[in-house]
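J.: Have a look at the structure that comes next, please.
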Amino acid sequence: MGLEFMPYPIANITQEEWQTFYSKARENLSHSQRTYRHQKMVVFIDKFNGHHYAFTLPGHTAHPSWIVRRIINQEGELQIQQVGYYVNDEAPFVELFDAYLKLNDKIKPQLQDSNRFTLD
């Protein structure tokens, strides 16, 4: 069984909510863990649901926060849905969220052309 795409109704969550979900991701998806030390991020892939979770690590300006993305087929066109959660300051989280939106814009044409279903 996979993890939720949108476990909380609002983006601003508590430290405890962040820690609980991060622990759940580590417990259930540790086999897919990829750590990007220079970016201060860790990514987990939930193949069951097609979700990609990118958590910030200590030292990242948006820590603690995470972004989750998934590819959906909407009326015959592949789309990338994205949500995110943060604990402290909203501004660094917005920067991170926007950076992922820009990455999505780069990836989307490749998805359409190759029918690839990965967010890497």
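J.: Is it the case that Q110 is polar (S, T, N, Q) and surrounded by 15 or more Cβ atoms within 10 Å (Cβ to Cβ)?
T.: Details: polar (S, T, N, Q): yes; surrounded by 15 or more Cβ atoms within 10 Å (Cβ to Cβ): no.
When the stated conditions are applied, Q110 does not pass them.
J.: Let me ask another. Take the residues in the range 47-90 that are part of a loop (DSSP other than H, G, I, E, B) and among the aliphatic types (A, V, I, L, M); name whichever of them is farthest from L3 (Cα to Cα).
T.: The initial filter retains those residues of the range 47-90 that are part of a loop (DSSP other than H, G, I, E, B), namely 47-50, 57-64, 75-76, 87-89.
Within this subset, residues satisfying the condition of being among the aliphatic types (A, V, I, L, M) are 57, 62, 87.
Numbers: L57: 20, A62: 22, V87: 20 Å.
My answer is A62.
J.: If I filter the range 40-55 down to residues being under 8 Å from the mean Cα position of the chain (by Cα) and aliphatic (A, V, I, L, M), which single residue comes out as farthest from G84 (Cα to Cα)?
T.: If we take residues in the range 40-55 being under 8 Å from the mean Cα position of the chain (by Cα) and aliphatic (A, V, I, L, M), then V43 is farthest from G84 (Cα to Cα).
J.: Still on this structure: From the list A25, A54, which one is among the hydrophobic types (A, V, I, L, M, F, W, C), within 26 Å of Q110 (Cα to Cα) and out of contact with any Lys or Arg (no Cβ under 6 Å at 6 or more places or on another chain)? Spell out how you get there, then give the answer.
T.: Numbers: A25 fails: within 26 Å of Q110 (Cα to Cα).
Exactly one of A25, A54 is among the hydrophobic types (A, V, I, L, M, F, W, C), within 26 Å of Q110 (Cα to Cα) and out of contact with any Lys or Arg (no Cβ under 6 Å at 6 or more places or on another chain), namely A54.
Where a number appears in this text, it was derived from the coordinates with a stated rule and is not lab data. The model shown is predicted, which means the values in this text are computed figures rather than measured ones. All Cβ positions, glycine included, derive from the backbone under ideal geometry; neighbour counts span all protein chains shown.
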